[in-house]
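I have placed the structure first, in the form of structure tokens, so that the comments after it can refer back to it.
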Amino acid sequence: MEWVTPAAAVVVCVVLPYIVNLCKKASWSADAKRWIAIVVSAVVGICAGIIAGAPTPETLATWVFGVIGGVQIAYSAFKAIGVTSNWLDALEGIGVKDE
């Protein structure tokens, strides 16, 4: 199981930018790009959680925050090229006060 953390790091650091660039240059529909962003963001979030370590009762909160942070990092990369999703935008707004 020593290979899991490096494999997750490769997904986060190498595969994510490649997929974002592929979405930027592809002529796919906006809906297809949106679903790719959702799926890839979820995968990257889980990989970030794996990098943080398998969840135990003591580390569950850290793991959950790692997953949410990973999702947001991935989604921010997609959002920068114009791919958006309503529920990921809502997740991004959690904890932000309206003024």
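Any read-out appearing in this document is the output of simple, stated calculations on the displayed coordinates, not a laboratory observation. Quantities reported herein were computed from a predicted structural model and do not represent experimental measurements. Cβ coordinates were reconstructed from backbone atoms using ideal geometry, including for glycine residues, and neighbour counts include every protein chain displayed.
Here are the numbers for this structure:
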read-out: Qualifying residue in the range 37-45 (condition: more than 19 Å from Ser85 (Cβ to Cβ) and small (Gly, Ala, Ser)); value: no
read-out: In the range 59-86, the residues that are more than 22 Å from Ala26 (Cα to Cα) and in contact (Cβ under 8 Å) with a residue 40 or more places away in the chain; value: Gly70
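The rows are residues; the columns are (1) in contact (Cβ under 8 Å) with a residue 40 or more places away in the chain; (2) assigned to a helix (DSSP H, G or I); (3) surrounded by 14 or more Cβ atoms within 10 Å (Cβ to Cβ).
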{"position": "Glu2", "(1), (2), (3)": "no, no, no"}
{"position": "Ala9", "(1), (2), (3)": "yes, yes, yes"}
{"position": "Cys13", "(1), (2), (3)": "no, yes, no"}
{"position": "Leu16", "(1), (2), (3)": "yes, yes, yes"}
{"position": "Ser27", "(1), (2), (3)": "no, no, no"}
{"position": "Arg34", "(1), (2), (3)": "yes, yes, yes"}
{"position": "Ala37", "(1), (2), (3)": "yes, yes, yes"}
